[in-house]
Each structure stands twice: as structure tokens, then as C-alpha cells.
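A.B. asks: One structure coming up, written as C-alpha cells, with questions to follow.
Coordinate-derived values only; no laboratory data. Because the structure is predicted, anything quoted here is derived from the model rather than measured. Cβ atoms come from the backbone with ideal geometry, glycine included; neighbour counts cover every protein chain shown.
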């Protein structure tokens, strides 16, 4: 197999040619921002929910992580406001997807445990209407998820705080949700948390993530993955079947980068994410920040393109990336360990 890498000088030239447009969207009305939020669009209204941060003091100063149950609402043509409604519990780091006129939330974690709950919100014009869906078969957080048609698929994650990464693939048929979650064949690679995913031509692409290994000094350390797989599913009677294909690896790790935006219907853009270099900075106070390099993956011919560095905005991890109107939104997230941002960055092409 031949891996193709195309190098372009830098992102300033990319913006001049109009390939990708970067802009600031209306930020969350919070001075700090949050990691691990749920987000999506319902009836044209953008909602961002939950998440966690370190109010008052950073973790290296002794700060304690705080979890939130708040819901921010941005009606179409309006401004952000904090809803009087709340999540069932302060939580984050689960899966959220926009499906028809609803935003579905699956799993995640609180400050003490991981969740099995799955439910959806629909904006009625004045408030959010909540509807329950079948619980996950086990608690899950730090996973990825996406829609393949009317099937919600969840991949990876962990079952408990500090628990081992899982090699797990789950599917819920949203046309028949009462049938419950079904385990399908997982990818032909190692277990992981914080993978990323995107959808193209009825295939779900699973990339990167991380697990742990023991180095030559006998120390447990983070292992950032660079593998890449495509998943197709089909029904055989009442059962769903999975078919996986291993693809060309990623030039660098992209763990926790969020959903992969599909641009022009032909390429995934990858901005941010944890790579092998930044993963090994143990002191948050000296962390250099998330890598600024931008990659594109072309699923049609399984090739990678390097677009250079995006230096105007800090790169992000542990955040929702949401399709919205004519582009994609990177909502809040983490720019360094313990440091969040309220800013929202929009990309379009």
C-alpha cells in the first residue's frame, strides 16, 4: 500500500485560496468555558450542555474539577442564553449527535461514576422537550459516536473512572429504539478511549484514540494511536452486522479531537487532538498546548494531506464539533490540561 502525503507551505496560503475559512462564532457566555460538553442542533437551535472545568484555581494550583448540568441555548438568529432547564445530572464526556429535529445524548460521566443514560432533546420554540431512549448496556464515557443513517453507533470508551479502555462497538436502531442496543463486531485493532470519528458515503471512520502501555522503565504511560478504520453495517433479519476495513494510518495521533468535519462532501479535516509528543508532558504548567497542525483525509482514495499550521486560534481537545448551517462549530473545549476556552471556532469551505 502506498501512502500519499501532499505538503503545502502553510495555512495562510490555504485561507488565501479559499480552501477553508476560519472565523470566530458567538462565544459561550462564560468566562472560562468547559471541556467535554454535549452539543447539537434541534429545529435550527444550537444547544451546548454540561461539561467540566476548574473554577478558581488550575489543577496544578490545587484546583478541584467541577461538573455542570447547565444548558446553553442559541435560537436561530438570536443570542446565547442560559436555560432554566438542567441536565439530569452534572455530566460530560459522552456522545451527542443531531438526529432529525432532536439532539441525542448518550453516556458520559459525573464526578463519581460513568453513565448508562440515553435521551434526546427537542426545541419546541420556548423550551426543550426531553425524551428517554434505551439505556446503554453498560456505563460508558470517553467514547466516540456517530450516525450511519438511522443507526446510532458508539465505539470505545471506558466503563468507570480510571477504568481500562474498551474494545466495544454498540448500535441502536433509531427507527426501532425499543429493540435496544446491540453489540456489533468491533474494529480489528486495540482498545481505546477518546477516539474520533466521521461519516462519509454510509461508512463510519474510526481514528486514533489512546490506551496505555508500560515503557522500558516500568512506568505506565499514554499510548496515542494512529490507526484508521472504516465501518459499514447492514441488517440480517433482526441482527445488525458490521464490516471493518483497515486504512492508511494517520500521520500523527489525534485523540480527543472531536467529530471529524466533512468538507465539500469529500474530505475530513482534522484540527487539534492529542499527539504522541504533547501526550508525554506531565506538568500542565509547562504544557506547550495542542499541536496546531491541520490534516485532511480523503476517504475516497485513502490518502492524507498536510495543510500546515493554523496559528490564529489555539487548537482544542475534548469538545463537541457540530455541523451548523453552512459550516462546522468547534464548541469550547480544552487548550491545555486544565485550561478551557469559551470561544467557538467556525470552519467552512
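A.B. asks: Looking at the stretch 129-191, what % of the alpha carbon pairs are farther apart than 20 Å?
C.D. replies: Roughly 27 percent, once rounded to a whole number.
A.B. asks: Step by step: find N for the stretch 89-177, compute 2.2 N^0.38 Å, then divide the Cα radius of gyration by it. What's the final number?
C.D. replies: 1.07
A.B. asks: To the nearest 500 deg cm²/dmol, what mean residue ellipticity at 222 nm is calculated for the chain from DSSP H runs of n ≥ 4 alone, each contributing -39,500 (n - 2.57), summed and divided by the residues?
C.D. replies: Counting only the DSSP helices, I get -500 deg cm²/dmol.
A.B. asks: How big is the stretch 237-349 along each principal axis, measuring the range of its Cα positions in Å and listing the largest first?
C.D. replies: Principal extents (largest minus smallest coordinate, Cα): 53, 33, 33 Å.
A.B. asks: Is any residue of the stretch 314-329 close enough, with backbone N under 18 Å, to a label point placed 7 angstrom from the Cα of residue 279 along the Cα-Cβ axis, and if so, which?
C.D. replies: Taking a point 7 Å out along Cα→Cβ of residue 279, the residues of the stretch 314-329 whose backbone N falls under 18 Å are 316-319.
A.B. asks: Using 0.36 nm per residue of separation minus the Cα-Cα distance, give me the extension gain between residue 150 and residue 65 in nm, one decimal.
C.D. replies: In short, 27.0 nm is gained.
A.B. asks: How would you rank 109, 296, going from fewest to most other Cβ atoms within 10 Å of each one's own Cβ?
C.D. replies: 296, 109
A.B. asks: Just subtract the alpha-carbon distance of residue 306 and residue 43 from 0.36 nm times their residue separation and send over the number in nm, one decimal.
C.D. replies: Computed gain between residue 306 and residue 43 is 91.1 nm.
A.B. asks: Looking only at the stretch 221-257, which residues have a backbone nitrogen under 19 Å from a spot 7 Å from the Cα of residue 202 in the C-beta direction?
C.D. replies: Label zone hits: 230-246.
A.B. asks: Any chance you could run the full-extension gain for residue 235 through residue 182? It's 0.36 nm times the residue separation minus the Cα-Cα distance, nm to one decimal.
C.D. replies: 17.9 nm
A.B. asks: Mind ranking 327-337, 304-314 by how tightly packed they are, going by the mean number of other C-beta atoms within 10 angstrom, highest first?
C.D. replies: Per-residue Cβ counts within 10 Å, averaged per peptide and sorted highest first, yield 327-337, 304-314.
A.B. asks: Then there's this: So for 54, 34, fewest C-beta neighbours within 10 Å to most, what's the order?
C.D. replies: The order, fewest Cβ neighbours first, is 54, 34.
A.B. asks: Rounded to whole Å and sorted largest first, list the principal axis extents of the Cα atoms in the stretch 191-282.
C.D. replies: The Cα atoms of the stretch 191-282 stretch 51, 33, 19 Å along their principal axes.
A.B. asks: Neighbour counts of other C-beta atoms within 10 Å: give me 267, 222 arranged from fewest to most.
C.D. replies: Going from least to most buried by this count: 222, 267.
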